[in-house]
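One structure below.
Derivation of every value follows stated rules applied to the coordinates shown; laboratory data play no part. Here the structure is a predicted model, which means the values were calculated and not measured. Every residue, glycine among them, receives a Cβ derived from its backbone with ideal geometry; neighbour counts consider all protein chains shown.
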Amino acid sequence: GQAVPFYGKHQSGIVTPAQDFLYFAAFDLIATDRDEVRILLQKWSAIAARLQRGETVGDDEGKPLVPPVDTGETIGLHPMSLSLTFGVGPSFFRQKGVNRFGLADRQPEVLSELPPFPGDNLKEEWCGGDICVQACANDPQVAFHAIRNLARVARGAAVLRWTQAGFQRTSTADAAKGTPRNLLGFKDGTANPDTTDNEQMNQVVWVQPDEGPDWMVNGSYMVVRRIQMRIEVWDRTTLQEEENTFGRHRESGAPLGKQNEFDPLDLERKNERGELIIPENAHVRLAFGDGTEKILRRSYSYTNGIDLDTGHLDAGLLFICFQRDPLKQFVPIQQRLAKQDALNEYIVHVGSAVFACLPGAQEGGYLGETLF
Ligand code: HEM
């Protein structure tokens, strides 16, 4: 039932241990001038700080003749480790080339639309957004309430573009608190960098003072990919094929040829027939590459009823990762995966977005104040 602090050097929800539930929202701005955008971010920051403390949007004085200030579904609930993480997309700065808020000169060089990747099947309705809000909490109603109320107070300045709810096994379901499994049944997150190691986080996640723009220092870039899984095909695949697809054992999560989940990958090792034990096109081999590009993955599973095109379950991974530079970290990894990954037989990328997650705000300040 704990509270995650809203104010700090960095935003919460990035190195914060992943909560059980996600509600992700991408907004489009309908504001037409810079002040309206600044006022929105000020309002959102003040409300986010309240919500993360487990408070409602504002004090309701029980006036019978006006709608209540807060929608009410979290009254009396604990904060449930709610974290709200805000980012701005390339279209925040330039929309179809137009310098809409006079902020185009602030656009980071590394914040541009992602290049197309082979095999992408992106749908407009799952892509982009001027601003994102990632709400994570250990209660789905708390996460939903946050997005609902942020959208409500944004009226006139921003509208919802797309949303996606996400989940993982709840932490109470796993006594051992092990690495959660994705919907293909494999432990997902094993080889992530250590979020408790500040030095590693400075190397992988947080924008550093020397790499500009100044307003992004201590922020981080987020890449979101909505990746649908071809569950029916996967479910007819043999265990051996599944393990070769990832290059890890399903049960233990250990790399093929090793015993324990956290044993390092042995990419050179061959079997008695002289074949690589972790196949050439295994997901972990290609994702690891030569070990230069690292990202912090913080993904959630999703289900969305039935895909009307195929009649199959619409389920998959809302892949989310954080990094200092998406062009040097996510993009080269995804280029390798898109070209060769054995997993491509079982997945398809249907949504995509990239955001610059603002540096944290101090008490009395607001998110984005370094930008205006
Ligand atoms: C590793 C699943 C998409 C990057 C893994 C592992 C699994 C997995 C099971 C091994 C355990 C671990 O280290 O976490 C999936 C699934 C995906 C997906 C089911 C799609 C539905 C992606 C994408 C990227 C990515 C789009 C980035 C472009 C990585 C990286 C590793 C990894 C960097 C660690 C490799 C290492 O250093 O050992 N993934 N993944 N994955 N994945 Fe993915």
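The figures follow:
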| item | result |
| --- | --- |
| Cα gyration tensor, segment 152-242 - rounded (a/c under 1.5), prolate or oblate | oblate |
| Exposure proxy order (Cβ contacts within 10 Å, fewest to most) of Asp28, Asp20 | Asp28, Asp20 |
| Using θ = phi - 60° and Karplus 6.51 cos²θ - 1.76 cosθ + 1.60, couplings along segment 170-178 (whole Hz; Gly, Pro as x) | 6, 5, 6, 6, 10, 4, 7, 6, x |
| Among Gly102, Thr172, Pro193 - extreme Cα towards positive end, dipole of segment 101-217, charges at beta-carbon | Thr172 |
| Convex hull volume per residue for segment 77-127, taking Cα atoms only, in Å³ | 184 |
| Stretch gain in nm, segment His78-Glu275, where the contour uses 0.36 nm per residue and the Cα spacing is subtracted | 65.5 nm |
| Cα gyration tensor category, rounded, prolate or oblate, for segment 23-63 with a/c compared to 1.5 | prolate |
| Folded to 0 to 90 degrees: helix 330-340 orientation relative to the chain principal axis, Cα | 40 |
| Global geometry of segment 230-348, whether rounded, prolate or oblate, following the gyration tensor of its Cα atoms and the 1.5 cut on a/c | oblate |
| Two-decimal Rg/Rh across segment 145-302, once Rg and the Kirkwood Rh are taken from alpha-carbon atoms | 1.03 |
| Nearest-20 debye value, the chain charge dipole, Cβ charges on Lys, Arg, Asp, Glu | 300 |
| Per-residue ³J(HN,Hα) for segment 294-301, Karplus 6.51 cos²θ - 1.76 cosθ + 1.60, θ = phi - 60°, Hz, x for Gly and Pro | 10, 9, 9, 8, 8, 8, 9, 6 |
| Projected-area average for the chain over all orientations - Cα convex hull basis, square nanometres | 20.1 |
| Where Rh is the Kirkwood radius over Cα pairs, Rg/Rh for segment 26-137 | 1.06 |
| Dipole of the chain, positive direction: furthest Cα of Pro118, Leu183, Ala157, with charges on the beta-carbon | Ala157 |
